[in-house]
Amino acid sequence: MSPKPLSKLFKGIIIVELVGVCGAYALFHTMNTSQDFRSTMKRRFPSILEVYYKSNELAGVHGVRQRDQLDWEGGGGDC
């Protein structure tokens with residue numbers, strides 16, 4: 001196999017990886033800034049929302065899950 005096709009393959013792999021990382025960041029950013037989007041994720045993809053909550057808790061950001069649950073149950077307010 002010549003070096004040219006191999007380098008094209010590696011470039012393709014790197015591009016796919018970058019698109020995946022950018023997509024994951026965009027998803028995280030949207031969930032981090034929009035409670036409505038998190039509510040949509042709860043209905044459609046609850047496992048992804050669970051990963052979001054766990055990653056926040058591992059990073060030391062606590063209380064997001066509890067605030068969401070309170071607001072979604074109708075017991076929330078402006079704190």
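Helix-only estimate, please: 222 nm mean residue ellipticity of the chain, summing -39500 (n - 2.57) across DSSP H runs of length 4 or more and dividing by its residues, to the nearest 500. After summing the helix terms and dividing by residue count, I get -26500 deg cm²/dmol.
If each residue of separation counts as 0.36 nm, what is the full-extension length gain between Tyr25 and Lys42 once their alpha-carbon separation is subtracted? Intermediate results must be reported in sequence, preceding the final value.
Details: separation 17, 0.36 × 17 = 6.12 nm, distance 1.83 nm.
Between Tyr25 and Lys42, full extension yields 4.3 nm more.
Length, then width, then depth: along the principal axes, the Cα atoms of segment 34-79 run 26, 26, 15 Å. Positive-end ranking of Cys22, Ser7, Gln69 along the dipole of the chain, with charges on Cβ about the Cα centre, is headed by Ser7.
With helices defined as uninterrupted DSSP H runs, which ones in the chain have an alpha carbon span along their own long axis of at least 15 Å and mean Kyte-Doolittle hydropathy of at least 0.5? Don't jump to the answer; show the numbers that get you there.
Numbers: long enough: 3-33 (45 Å, 0.81); 46-58 (18 Å, -0.30).
In the chain, the long hydrophobic H runs are 3-33.
None of the figures in this text is laboratory data; all of them are computed from the coordinates on show. Please read these numbers as outputs of a predicted model, since none were measured by experiment. Cβ coordinates were reconstructed from backbone atoms using ideal geometry, including for glycine residues, and neighbour counts include every protein chain displayed.
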